[in-house]
Amino acid sequence: MRTVAAYAAPAAKAPLEPTTITRRPVGDHDVLIEIKYSGICHSDIHQAREEWGSGVFPMVPGHEIAGVVAEIGAAVTRYAVGDRVGVGVFVDSCRECAHCRAGEEQYCLNGMTPTYNAIGRDGEPTYGGYSTHVVVDENYVLRIPDQIALDAAAPLLCAGITMYSPLRHWNIGPGSRVAIVGMGGLGHLGVKIAHALGAEVTVLSQSLRKKDDAMRMGADHYHATSDPRTFTTLARSFDLILCTVSATLDVDAYLGLVRLDGSLVFVGLPEEPVSFRMFSAAAMRRSVAGTNIGGIRQTQEMLEFCARHGISADIETIAVDQINEAYDRVLDSDVRYRFVIDTATFAQ
């Protein structure tokens, strides 16, 4: 066992605090990763505060992990010491069900193992990236291309794949009209990726405050949803709307923006149930759907795509002792556009 430094929530809604945790020994197929950077995802806050159900405490959040291989197991073939690697939302799955065999491990029929806030198949709790090291089976490790800086790569392991996966699944490309609801940690990457795929991209946000940023990142249009005229002007405009916000929205209003056979897809996860009138969907044969990150194969594809197109997250790097402040700022929408923890600051 290896004892490493970490930041953990000792109980639900408690401030995160410095601690130590143990990592398992490096097994034959394991990779020991020296974590360099860990992104802060809004879902970290939800889980640390038990807003999505009961949690496993003490909880070390973090599923946007970028680092360097420090040690490999005797049977590892995919990685070598010194490789630049990452870990995303899950670190294991059953590997036997139809979904796992199809490369859709995130939908494992027997339940994938989240990177943190879970009990692994060995019966031990999983701890995330707010720490200095992690041990992960090589099959659940991603290679980070040299073209992407490690700090800016970290958010791609959750936010990036969360946006890339539905854009690919709904076959977005040249000629597609896409709207991104919310210009935050998820939304800003959605704009970049949709633009690189060749789509005409519109941002729908409460205000025009981030318009200049969105246009710089590749948006073609930007509209404020606080203006009722937006929903009239843009009626039946989009093939795909990706909703990234966690707030409860007027789903019927957004469905009115979808074209014939288009889709409104939720990637943000509101705490409360959402509802809509079936007529809003039936009127234009519209679909309402949700989506959940991507499998290992598609996440690696996403990283290579981002490397080719010069895509990475816009980040603000923080020290580990700023995590609680960062959580408050995320809730206040006071970040452009993703906080990333520099784990070197554990030693300071």
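The values are calculated or read from the model by the stated rules, or taken from the named source; none is laboratory data. Quick caveat: nothing in here was measured; it's all calculated off a predicted structure. We place every Cβ from the backbone using ideal geometry, glycine too, and count neighbours over all the protein chains shown.
Go through the range 117-150 and give me each residue that's within 24 Å of Thr20 (Cα to Cα) and in a loop (DSSP other than H, G, I, E, B).
Residues satisfying the conditions are Asn117, Gly120, Arg121, Asp122, Gly123, Glu124, Tyr127, Gly128, Gly129, Tyr130, Thr132, Val141.
When you scan the range 255-268, do you find a residue that is among the charged types (D, E, K, R) and within 30 Å of Val60 (Cβ to Cβ), even just one?
No - not one qualifying residue is present in the range 255-268.
Condition test on Leu269, is it assigned to a loop (DSSP other than H, G, I, E, B), of a type in the set (A, V, I, L, M, F, W, C) and closer than 24 Å to Ser207 by Cα?
yes
Within the range 25-44, which residues are farther than 25 Å from Ala75 by Cβ and at pLDDT 95 or above?
Those that are farther than 25 Å from Ala75 by Cβ and at pLDDT 95 or above: Lys36, Tyr37, Ser38, Gly39, Ile40, Cys41, Asp44.
Among the listed residues Leu249, Leu255, which satisfies the condition of being at pLDDT 95 or above, aliphatic (A, V, I, L, M) and surrounded by 15 or more Cβ atoms within 10 Å (Cβ to Cβ)?
Just a single option satisfies the conditions, and that option is Leu255.
Where in the range 187-257 are there helices (runs of 4 or more DSSP H), lying fully within it, with 1 or more residues that are of a type in the set (Lys, Arg), in contact with a Cys (Cβ under 6 Å, 6 or more places away or on another chain) and in contact (Cβ under 8 Å) with a residue 12 or more places away in the chain?
In the range 187-257, no matching helices (runs of 4 or more DSSP H) lie anywhere.
When you scan the range 306-318, do you find a residue that is outside the structural domain of Arg84 (by TED's automatic domain parsing) and closer than 16 Å to His169 by Cβ, even just one?
no
Could you give me the residue pairs with C-beta distances under 6 Å whose first residue belongs to the range 9-32 and is in contact (Cβ under 8 Å) with a residue 24 or more places away in the chain and among the acidic types (Asp, Glu), whose second residue is loosely packed, with under 13 Cβ neighbours inside 10 Å and assigned to a loop (DSSP other than H, G, I, E, B) wherever it lies, and which are 6+ apart or on separate chains?
These pairs meet every condition: Asp28/Ala74; Asp28/Ala75.
In the range 70-89, how many residues are without any contact (Cβ under 8 Å) to a residue 60 or more places away in the chain and in contact with an Asp or Glu (Cβ under 9 Å, 6 or more places away or on another chain)?
4
Do we have any residue at all in the range 267-282 that's charged (D, E, K, R) and touching a residue at least 40 places away in the same chain (Cβ under 8 Å)?
yes
Please go through (1) farther than 18 Å from Val191 by Cα; (2) at pLDDT below 95 for Ile318 and return the number of the only condition it doesn't satisfy.
Of the numbered conditions (1) farther than 18 Å from Val191 by Cα; (2) at pLDDT below 95, the odd one out for Ile318 is (2).
Which of the following residues is under 24 Å from the mean Cα position of the chain (by Cα) and crowded, with 19+ Cβ neighbours inside 10 Å: Gly173, Gly160?
Gly160
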